[in-house]
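The values are calculated or read from the model by the stated rules, or taken from the named source; none is laboratory data. All figures in this text were calculated on a predicted structure; none of them were measured in a lab. Here the Cβ is made from the backbone with ideal geometry for all residues, glycine too, and neighbour counts use every protein chain on show. Note: accessible area is taken over every heavy atom of the protein model, side chains too, but ligands, DNA and RNA are not part of it. Shrake-Rupley method; radii C 1.70, N 1.55, O 1.52, S 1.80 Å.
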Amino acid sequence: MSALLLVEALSCRFGGLVAVDGLSLELHGGEILGLIGPNGSGKTTVMNLISGALRPHSGRVWLGGRSIGGLPAHAIARLGVARTFQLVRVLGSMSCLQNVQAALAFGARPLWGREAESSAHRLLERVGLGAFSQVRAGELTYIDQKRLELARALGLAPRLLLLDEWLAGLNPTELQQGMGLLASLRDEGMAMLMVEHVMHAIRGLCSRVVVMSAGARIAEGLPEQVLAQPEVVIAYLGQEHA
Ligand SMILES: Nc1ncnc2c1ncn2[C@@H]1O[C@H](COP(=O)(O)OP(=O)(O)OP(=O)(O)O)[C@@H](O)[C@H]1O
Ligand SMILES: [Mg+2]
């Protein structure tokens, strides 16, 4: 099976710091791939490189067989890559409905007017914000802003969704709901690259996981097996826990 996303020997430096160091991974259609690793290991930088927020210093990124490494973010979004941010970004002074409508205008199949409005309502329902369409995004709780950000990402009708700690900070009930939502998206065929510290979610959702440490890939495989590997435990917890 050919990969939907193929990342080869990707590297990115900030001054003298090598934030991503020759990382390779592949992700197939309909799959949730986990990308995990301790704080500062380079996960968000990988998301930024794939989505075009940052340009790689070296390496290649392919989406559906097409080279996208180094393209501007808007071009990559048009080709079907959407993301949520570790630090949520919504248009605070606009209503939830307007936030999603704005995203719909920029997807691979741009929507305007009535069509955009009904589509935006559907997406807000989907993420559990059906009753909030007229509420200003800036007035939402943090968790609801994350829901809104996901609705915006889905508005781009992506082939690949990049989730940067989307489940972080949820209470147990919200976590179950959030995981259910992501599972339903996957079951509809949406592929996701999921950066997450919530291991319960990694175990429950990901078919495979890639582990980073200091910018490099140190393990890859089934979640249960990878999380039990000594080098992964050491990367997370330090030598004394191995
Ligand atoms: N714009 C930047 N300029 C300089 N250094 C940066 C920049 N972005 C990230 N870094 C550094 O690159 C390294 C990787 O950061 P990154 O945010 O990718 O880690 P992460 O794995 O997402 O961490 P966390 O789990 O805490 O979110 C860190 O040392 C970080 O300080
Ligand atoms: Mg991060």
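Restricting attention to the range 110-127, the residues that are assigned to a helix (DSSP H, G or I) and under 22 Å from the mean Cα position of the chain (by Cα) add up to 7. Checking each residue in the range 87-109 for being under 20 Å from the mean Cα position of the chain (by Cα), surrounded by 15 or more Cβ atoms within 10 Å (Cβ to Cβ) and either assigned by TED's automatic domain parsing to the domain that holds L54 or outside any helix (DSSP H, G or I) (or both) picks out V88, V90, L91, F106, G107. Restrict the check to the range 59-67 and report whether at least one residue is part of a loop (DSSP other than H, G, I, E, B), within 15 Å of the chain's Cα centre (by Cα) and of a type outside the set (K, R). No: the range 59-67 contains no residue that is part of a loop (DSSP other than H, G, I, E, B), within 15 Å of the chain's Cα centre (by Cα) and of a type outside the set (K, R).
Of the residues making up the range 1-40, those that are open to solvent by less than 70 Å² (accessible area, probe 1.4 Å) and away from ligand 1 (no atom under 16 Å from the Cβ) are A3, L4, L5, L6, A9, S24, L27, H28, G29, G30, E31, I32.
Is the range 14-29 home to any residue that is at pLDDT 95 or above and within 13 Å of ligand 2 (Cβ to nearest atom)? Yes, the range 14-29 has at least one match. Among the strands (runs of 3 or more DSSP E) confined to the range 145-237, the ones with at least 2 residues that are under 20 Å from G128 (Cα atoms) are located at 160-164. Within the range 214-231, residues that are within 16 Å of ligand 1 (Cβ to nearest atom) reach partners that are assigned to a loop (DSSP other than H, G, I, E, B) with beta carbons closer than 6 Å, at six or more positions or on different chains, in the pairs G215/G42; A219/Q229. Mind listing whichever residues of the range 199-226 are exposed (fewer than 14 other Cβ atoms within 10 Å of the Cβ) and in contact with a helix residue (DSSP H, G or I) (Cβ under 9 Å, 6 or more places away or on another chain)? Hits for the range 199-226 are H200, E224. Take the conditions (1) farther than 26 Å from G80 by Cα; (2) open to solvent by 20 Å² or more (accessible area, probe 1.4 Å); (3) more than 16 Å from ligand 2 (Cβ to nearest atom); (4) assigned by TED's automatic domain parsing to the domain that holds D164; Q176 misses just one of them, which is (4).
If you go through the range 128-144 and keep only what is surrounded by 17 or more Cβ atoms within 10 Å (Cβ to Cβ) and not in a helix (DSSP H, G or I), you end up with G128, L129, S133, L140. Restricting the range 74-86 to residues that are open to solvent by 30 Å² or more (accessible area, probe 1.4 Å) and touching a helix residue (DSSP H, G or I) at 6+ places or on another chain (Cβ under 6 Å), which is farthest from V100 (Cα to Cα)? Result: Q86.
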